[in-house]
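Q: Can you read through this structure? Questions will come right after.
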């Protein structure tokens with residue numbers, strides 16, 4: 001797909017975690033004959049489909065996806081690997097006369113591809129879509145999504161990967177949802193080795209603490225992704241078209257709303273505005289001013305102020321004394337930092 005400039009057309013879908021980037025990419029691919037190229041550095045690994053929230057075969061709706069799975073769980077997938085593989089995938093999609101749609105949350109990797117890969121912007125014309133939501137609603141939805149992942153088997157999935165000597169700075173173990181479960185599984189292992197009866201109360205508290213930590217780290221991740229997006233949108237060549245998913249997420253959080261109402265809000269607020277932008281983009285028109293962009297949240301003046309504000313909004317002030325006490329009782333050796341897809 002080429003425009004009047006001779007450049008190939010590429011759509012890029014950005015946004016914080018849980019905003020619906022993958023769903024929008026699939027909806028657009030179905031409408032415009034596209035294929036999705038994943039830009040999440042954790043989802044490139046095999047395994048942990050629930051933890052990493054990979055799109056299922058059913059959710060893909062027949063749309064070809066690239067760079068999801070295929071990398072061994074123990075292997076680090078670096079920026080250079082992504083730039084090489086993503087550039088090849090874009091070329092392959094274009095060679096079949098299809099529309100490449102890059103979607104994912106690893107904004108540092110995306111920036112390296114678009115601005116660091118030699119000749120990428122010279123060869124391709126880009127259309128940026130930014131799926132965004134008001135933070136209180138996004139926070140509530142992220143918490144609900146973690147609960148849903150637990151119901152779908154998160155604990156058992158991570159248990160299969162657990163090792164006492166695990167390195168949480170390598171491969172797929174960097175994913176949010178893995179290091180946070182360490183104390184819980186160490187407690188299980190210690191009881192199994194000792195042949196002792198499990199303390200169900202302690203076990204329940206450790207699991208609750210782990211789930212709470214996953215939710216907190218997911219919120220922190222979203223904040224860092226937003227910081228990166230706000231920085232990028234101030235740079236030349238990063239004209240982002242904002243799509244407001246707040247209403248659709250709020251309806252999901254309510255639980256009393258119908259699926260039809262949720263789908264209607266998603267289509268009206270996200271898919272249709274995005275489709276208008278892409279339609280104009282593909283036909284060589286000016287896409288400035290398109291997108292929903294309603295109720296856009298103002299930026300805070302400094303990064304430090306934003307971090308403090310986000311911590312207060314997302315409820316990230318954890319009960320440190322309780323966590324330390326639980327960790328000491330379970331024999332946990334220390335806290336493992338989590339990896340962000342930024």
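Q: For the stretch 81-203, what does the relative contact order come out to in percent, with C-alpha contacts under 8 Å and a separation of six or more? If you can, show how the numbers build up before the last one.
A: Numbers: 36 pairs, mean separation 17.1, N = 123.
For the stretch 81-203, the relative contact order is 14 percent.
Q: On full extension of the chain, what length is gained from residue 264 through residue 5, given 0.36 nm per residue of separation minus the C-alpha to C-alpha distance?
A: Values: separation 259, 0.36 × 259 = 93.24 nm, distance 3.65 nm.
The span from residue 264 to residue 5 would gain 89.6 nm if fully extended.
Q: OK, next. Among 141, 109, rank each residue by its count of other Cβ atoms within 10 Å, from fewest to most, as a rough exposure measure. Write down the numbers at each step before the final one.
A: On the way: 141 21, 109 25.
Fewest-to-most Cβ neighbours within 10 Å comes out as 141, 109.
Q: Ok, one more. For the pair residue 30 and residue 92, how long in nm is the line joining their label points, each one 7 Å along Cα→Cβ?
A: So the two model labels end up 2.4 nm from each other.
Q: Please give, to one decimal in nm, the separation of the simple spin-label points placed at residue 166 and residue 115, each 7 Å out from Cα toward the Cβ.
A: Reported label-point gap for residue 166 and residue 115 is 3.5 nm.
Q: Continuing with the same structure: Using a 10 Å cut-off around each Cβ, can you sort 203, 242 from fewest to most neighbouring Cβ atoms?
A: Numbers: 203 15, 242 23.
Least to most surrounded, the residues fall as 203, 242.
Q: Mind ranking 43-56, 110-123, 271-284 by how tightly packed they are, going by the mean number of other C-beta atoms within 10 angstrom, highest first?
A: Packing proxy ranking, top to bottom: 43-56, 271-284, 110-123.
Q: Can I ask one more? Exposure proxy check: 130, 266 ranked by fewest other beta carbons within 10 Å?
A: In increasing order of surrounding Cβ atoms, one gets 266, 130.
Q: Going by Cα centres, the stretch 13-91 and the stretch 116-131 are how many Å apart?
A: Cα centres, the stretch 13-91 to the stretch 116-131: 17 Å.
Q: Another question, then. Could you give the length gained on full extension between residue 144 and residue 79, defined as 0.36 nm per residue of separation minus the Cα-Cα distance, in nm? Don't jump to the answer; show the numbers that get you there.
A: Working: separation 65, 0.36 × 65 = 23.40 nm, distance 3.11 nm.
20.3 nm is the gain from fully extending residue 144 to residue 79.
All of the numbers you see were taken from the coordinates with simple rules; none came from a lab. Keep in mind it's a predicted model, so treat the numbers as computed, not measured. In this analysis, Cβ positions are derived from the backbone assuming ideal geometry, glycine residues included, and neighbour counts consider all displayed protein chains.
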